[in-house]
Amino acid sequence: MVPINNSIIRKIYRKIKEYNKIVIARHVGPDPDAIASEIALRDSIKLTFPNKECVAIGLGVSKFKYYGILDKIEPDKFKNSLLIVLDVPNLQRVDGIDNLKYKEILKIDHHPAEDIKGNVDWTDETSCSTCQMVADLILHSPLKLDTIIAGNLYLGIVSDSDRFLLPYTTSKTFKIVEELINKSKINFPTLYNYLYDRSLNEVRFQGYLASNMEVTENGLGYLIIPQEKLKEYNVDLATPSNLINNFNFIREVLVWTFISEDPKNKIYKVSIRSHGPIINTIASKYNGGGHKYASGAKITNKEDINNFIKDLDNACEEYKRATISNLK
């Protein structure tokens, strides 16, 4: 049996049981963990309580359509609802709730806590993913599980842990995955096609990223990607962030970041990864945040890009200096 926080599991289940109208939301620019966790929790609640109105909202991403279809709602119909926020600690980054007058907020998240605080708040930075937490909730409460729900949760766990390679992966992660497989009989090898299937355009675009990434003496790898390059390779704005984990294990790189121009929203979308230097504090300076070693940001002024790159490069320099000092 997986060790769990029985108290918070009971509180979440009681709160779900209390409300007849439930809205589930996650962060803007979703990744597989965000999409999979909200759809899996919605489907589990609907399976357990067929008479409840439970929806999962936010802008859809065509690349992730295999997880399921998101709901379009009229906010007035969900007044005084329970809002469950997944995979995001910052209210400003929650997708699709601008006109929603909810009664209460409940949060399940594995990022460091920020400004979202509800009567029930489950924040666990030791979890590799929000899908791991939702799986924990479903497996250890009366909420129901089926093969599709389990498959979505499995894919979210695999994606956010980067195939169990990241340090957030723990023995508990493997125990929860074992329970998911045993209880649902998912055919997990076939699920990988949904995560790792790539178009030829994406493969060629990855080659462009590798060929053009600048690497500083301190070990910062970075690339500013103009909108014209996305059009040239016929890929969308989410592609650089979807590919960033593929640049793990480069010997000369400590931190790497892709900065993608988004002229429609007049911002630069930023994805950052690290092998050692802490990056979420830097991301928070630029309208972002996340984990110590995996973060994102949005840069609104082009002039700030150089400052952002300099901050990351300084973090690499300080990390190298501290590492050398510790070896002496």
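Values quoted throughout were computed directly from the atomic coordinates according to the rules given, and no laboratory measurement underlies them. Owing to the predicted nature of the structure, the values given are computational and were not obtained by experimental measurement. Cβ coordinates were reconstructed from backbone atoms using ideal geometry, including for glycine residues, and neighbour counts include every protein chain displayed.
For the pair Lys117 and Arg10 in one chain, pulling the backbone fully straight at 0.36 nm per residue adds 36.7 nm over the alpha carbon distance.
Per DSSP H run of n ≥ 4, the term is -39500 (n - 2.57); total these for the chain, divide by its residue number, and report the mean residue ellipticity at 222 nm rounded to 500 deg cm²/dmol.
Values: 11 runs with 131 residues, N = 328.
Result for the chain, helices only: -12500 deg cm²/dmol.
Working note: Debye formula, equal point scatterers on the alpha-carbon atoms of the stretch 126-210, no solvent; log10 I(q)/I(0) at q = 0.11, 0.14, 0.20 Å⁻¹ is -0.34, -0.52, -0.88. Compared with the dominant Cα axis of the chain, that is its longest principal axis, helix 171-184 is turned about 50°. In plain terms, the bigger the Kirkwood radius, the slower the diffusion; for the stretch 279-328, with that radius from Cα pairs, at 4 °C and 1.567 mPa s, Stokes-Einstein puts D at 111 µm²/s. Of all aspartates and glutamates in the structure, those lying under 12 Å Cα to Cα from Lys185, and not within fewer than 8 positions of it along the same chain, are Asp146.
Using C-alpha pairs under 8 Å with a sequence gap of at least 6, the mean separation divided by the residue count of the chain gives a relative contact order of 12 percent.
Would you mind checking the pairs Lys79/Lys117; Lys144/Lys292; Lys17/Lys77 and listing those with alpha carbons more than 23 angstrom apart?
Cα-Cα > 23 Å for Lys144/Lys292; rest within.
Note on Lys103: aspartates and glutamates with a C-alpha under 13 Å away, same-chain residues under 8 apart excluded, are Glu18, Asp76. Listed by chain and number, the aspartates and glutamates whose C-alpha is less than 15 Å from the C-alpha of Lys63, apart from same-chain residues fewer than 8 away, are Asp31, Asp33, Asp197, Glu202, Asp236. Most fluctuating residue of Asn90, Asn193, Asn314 in a GNM of the chain with Cα springs under 10 Å: which is it? In the Gaussian network model the winner is Asn193.
Summing charges over all other residues whose Cβ lies under 14 Å from the Cβ of Lys144, with Lys and Arg as +1 and Asp and Glu as -1, gives +3.
On C-alpha positions alone, give me the angle between the axis of helix 304-327 and the longest principal axis of the chain, in degrees, nearest 10. The angle comes out at about 80 degrees.
How much length is gained if the chain between Lys144 and Asn248 is pulled fully straight, taking 0.36 nm per residue apart and subtracting their Cα-Cα distance, in nm to one decimal? List each step's numbers first, then the result.
Working: separation 104, 0.36 × 104 = 37.44 nm, distance 3.66 nm.
Residue separation times 0.36 nm, minus the Cα-Cα distance, leaves 33.8 nm.
Taking every DSSP beta bridge that has both residues in the stretch 6-195, what percent is antiparallel when rounded to the nearest 5? Antiparallel: roughly 5 percent of the beta bridges in the stretch 6-195. At R0 = 41 Å, how high is the FRET efficiency between Leu91 and Lys175 if r is their beta carbon distance? Nearest 0.05 is fine. FRET efficiency, Leu91 to Lys175: 0.80.
Quick note on the stretch 232-286: its Rg to Rh ratio, both from C-alpha atoms and Rh being the Kirkwood radius, is 1.00. Under the simplified labelling scheme, the Arg163-Lys77 pair shows an inter-label distance of 4.3 nm, with each label point 7 Å from Cα along Cα→Cβ. Of the cross-linked pairs Lys52/Lys172; Lys15/Lys172; Lys107/Lys172, which ones have a Cα-Cα span greater than 27 Å in the structure shown? Table pairs above 27 Å Cα-Cα are Lys52/Lys172.
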